[in-house]
Structures are given as C-alpha cells and as structure tokens.
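**Q** Mind looking over this structure? Questions follow.
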Amino acid sequence: MNDIWAIASEYPTGIFTIINLVLIGYWLLVAIGLMDFDFFDLDVDTDTSVDDIGGFATFLATLGFTGVPVTIVLTILFFCAWGICYIGAKLLLSWLDISMISVLLGTVILIASFIVAIPVTNMIVRPLRKLFRKLYAESNNQDLVGRPVKVRSSRVDATFGEAVCAHKGASLLLKVRTATPEKIFTRGDVAVLVEYNSDKHIYYIVDQKEFETN
C-alpha cells in the first residue's frame, strides 16, 4: 500500500493524481447538486462541424470525443492516463534514484501516458455516444414543455440549475434555468417547464402555482 501511494504521489504520476482528485471532488459536488452535471457545457454533437466550434471543444472534436459530455470524457481520459502512467512509473522508475535522468524519463512517461490514454478513452467513449444520443433525443424535446419537474440542485437561477422530470417511466435529469431572472428555486421545489433552448440544451421553468394561475 505504501508503494502504491509513493508512486501515485510522486512525479510523474502525482500530476494525474492531483487532476483526478479534482475530478472526484467535482463529481461529489454534482452528486449533492452543487454543480451542473455538464459544468463546462462543451459537449459536441456527432454531426457538428469542427469549423462551427472553437477552442477546447475543437480539440476534443479533433480527437473524436464527440457526442459525450466533456466532463465524462475528461474523467475517463485522466483516469486512463493515471493508470498508464502508474504502470510506466512502477516498471521504469522504481529502480532509479532521484536524478536528472529519472526526471527526464518521468516527463517522457507523463507525455506518453496522456497520448496512449487518448485512443483508449476513445474506445470507451464510443459506445457511450449512442446512450447520450438517446438521452438527448428523449430529454431535449419540445414535448416536455408543460411538464412538472422537481429541483435537484441546491438552487436554480438564471445561470445554474438541474431538475428531474418523470418521462415515459424514467427520471430525466434536465439542465434548467429560471424564466424570470429574479426568481430563485431551491432543492425540492416543484416547477413547470415552459420553454426549451435547443442551442444550449436547457429548459426554462416557472413556479407551478404561477403556471397554473396563468
């Protein structure tokens, strides 16, 4: 156990260890509703042209990471890179003393691990595309407008929020925003979907009582 922690905490594996700890923290915040499931909002559809997107999203599309939320892609990518780097460090660095050679070799392992993790992640992500395409087809639908939802996140305002909607026997997790900027919902509140933004994949909600009176 001590050997495992020693390799995981030292260079180069320690770089990926830190990144993965941040990702674990992110998913914990998602689990308790303090952050959006797709916090970076960079998921790229499979039929999107690379010319129509930019920056980091272009990089992901170039690597073939399309159709799956970027947070899931990054989680898989860095966990794969960590595993490959750990094995490489254990096999190649455990017998070296701290020296310039071990640092240089560690840097090579770090870079190589990330590069090798890309096709591995692509293979893992590929079957997930059909799943998320189906989820988007079911949840990103104008037919849901007018249905009640229950707020799942700690709050819903004009820039943040998630809610659960019962649809066809399944509970759909939707990204939602308030239709009126001054209104704020809290966890457990019941609201109604009144509008869908197909570009951002988000729904706008109003209070159920307000919807019924109108």
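**Q** Could you run through segment 70-93 and say how many residues are in contact with a helix residue (DSSP H, G or I) (Cβ under 7 Å, 6 or more places away or on another chain) and over 16 Å from Ile19 (Cα atoms)?
**A** Total satisfying the criteria: 5.
**Q** Which condition from (1) hydroxyl-bearing (Ser, Thr, Tyr); (2) at pLDDT below 90; (3) assigned to a helix (DSSP H, G or I) is the one that Thr48 breaks?
**A** Every listed condition holds for Thr48 apart from (3).
**Q** Taking into account only those residues within segment 177-207 that are in a loop (DSSP other than H, G, I, E, B) and among the hydroxyl-bearing types (Ser, Thr, Tyr), which is nearest to Leu144 (Cα to Cα)?
**A** Ser198
**Q** Within the bounds of segment 75-92, is there any residue that is modelled with pLDDT of 85 or more, surrounded by 14 or more Cβ atoms within 10 Å (Cβ to Cβ) and polar (S, T, N, Q)?
**A** yes
**Q** Shifting gears a bit: Take the conditions in a helix (DSSP H, G or I), more than 12 Å from the chain's Cα centre (by Cα) and modelled with pLDDT of 90 or more and apply them to Thr58. Does it pass?
**A** no
**Q** Restricting to segment 12-40, name every residue that is of a type in the set (Phe, Trp, Tyr), surrounded by fewer than 16 Cβ atoms within 10 Å (Cβ to Cβ) and either at pLDDT 90 or above or in contact with a Gly (Cβ under 6 Å, 6 or more places away or on another chain) (or both).
**A** Matches in segment 12-40: Trp27 only.
The values are calculated or read from the model by the stated rules, or taken from the named source; none is laboratory data. Small disclaimer: the values here were computed from a predicted structure and weren't measured. Neighbour counts run over all protein chains shown; Cβ positions are idealised from the backbone, glycine included.
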